[in-house]
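The structure appears right after this line, and notes come after that.
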């Protein structure tokens, strides 16, 4: 029987941070859980970041993933929004680091390519493919689908990363 690893995917956001847990056993990917962390919008930025940090830390403690993947922030037309999104991403990554979970980062295009086969897929296409790849997942919000897609992307890249670490 091949060894398995539990992988946590994170799609960071200040209002909605999607998360998804899969288990990789050889070539098989198995859905474990998914959801969305909803930070309270009437709180200060620091308090919202604290909520994200706490919730991601709790996910890491509860599910004990062996690896995590976090979607990178795209700097778009609004640099202020990108900066705020980067802060939410940083809170999630810090929580994972504090829990001792190795974190990989992936560009949205790389995640879409791993799941859909094209880096220009829209959110609905990503959700459709995640539901096909993880049929036990059932219905999910787009943020959770993106997080599961990030976990799938992490699973696809994990063996190469482990080989590089072993060679170092």
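The values are calculated or read from the model by the stated rules, or taken from the named source; none is laboratory data. Because the structure is predicted, anything quoted here is derived from the model rather than measured. Neighbour counts are summed over all protein chains in view; Cβ atoms, including those assigned to glycine, are modelled from backbone coordinates with ideal geometry.
Residues in the stretch 108-119 that are part of a loop (DSSP other than H, G, I, E, B) and either crowded, with 16+ Cβ neighbours inside 10 Å or modelled with pLDDT of 95 or more (or both): 1 in all. In the stretch 1-106, counting only strands (runs of 3 or more DSSP E) that sit wholly within it, the ones holding 1 or more residues that are under 19 Å from residue 157 (Cα atoms) and without any contact (Cβ under 8 Å) to a residue 40 or more places away in the chain span 4-11, 16-25, 28-38, 103-106.
Scanning the stretch 28-43 for residues being farther than 17 Å from residue 140 by Cβ and touching a helix residue (DSSP H, G or I) at 6+ places or on another chain (Cβ under 9 Å) gives a total of 4. Once the stretch 7-25 is narrowed to residues that are within 20 Å of residue 129 (Cα to Cα) and surrounded by fewer than 23 Cβ atoms within 10 Å (Cβ to Cβ), the residue that is modelled with the highest pLDDT is 23.
Criterion first (surrounded by fewer than 22 Cβ atoms within 10 Å (Cβ to Cβ), more than 17 Å from residue 147 (Cβ to Cβ) and at pLDDT below 95) does residue 97 satisfy it? Steps first, answer last, please.
Details: surrounded by fewer than 22 Cβ atoms within 10 Å (Cβ to Cβ): yes; more than 17 Å from residue 147 (Cβ to Cβ): yes; at pLDDT below 95: no.
Taking the combined requirement at face value, the residue does not satisfy it.
Here residue 127 passes the criteria (1) surrounded by 16 or more Cβ atoms within 10 Å (Cβ to Cβ); (2) touching a residue at least 24 places away in the same chain (Cβ under 8 Å) except the one numbered (2).
Within the bounds of the stretch 120-134, is there any residue that is at positive phi and in contact with a helix residue (DSSP H, G or I) (Cβ under 9 Å, 6 or more places away or on another chain)? Taking every residue of the stretch 120-134 in turn, none turns out to be at positive phi and in contact with a helix residue (DSSP H, G or I) (Cβ under 9 Å, 6 or more places away or on another chain).
What number of residues within the stretch 119-137 are out of contact with any strand residue (DSSP E or B) (no Cβ under 7 Å at 6 or more places or on another chain) and over 20 Å from residue 38 (Cα atoms)? Don't jump to the end; show me each part of the working.
Within the stretch 119-137, the first condition is being out of contact with any strand residue (DSSP E or B) (no Cβ under 7 Å at 6 or more places or on another chain), and the residues that meet it are 119-132, 135.
Subsequent filtering for residues that are over 20 Å from residue 38 (Cα atoms) retains 119-122, 124-126, 128-132, 135.
Result for the stretch 119-137: 13.
Any residue in the stretch 131-138 that is part of a strand (DSSP E or B), surrounded by fewer than 23 Cβ atoms within 10 Å (Cβ to Cβ) and modelled with pLDDT of 95 or more? No, the stretch 131-138 contains no residue that is part of a strand (DSSP E or B), surrounded by fewer than 23 Cβ atoms within 10 Å (Cβ to Cβ) and modelled with pLDDT of 95 or more.
With respect to the stated conditions, residue 144 is surrounded by 15 or more Cβ atoms within 10 Å (Cβ to Cβ), assigned to a helix (DSSP H, G or I), at pLDDT 95 or above and touching a strand residue (DSSP E or B) at 6+ places or on another chain (Cβ under 9 Å).
Among the conditions (1) over 12 Å from the mean Cα position of the chain (by Cα); (2) buried (at least 16 other Cβ atoms within 10 Å of the Cβ), residue 3 misses just one, which is (2).
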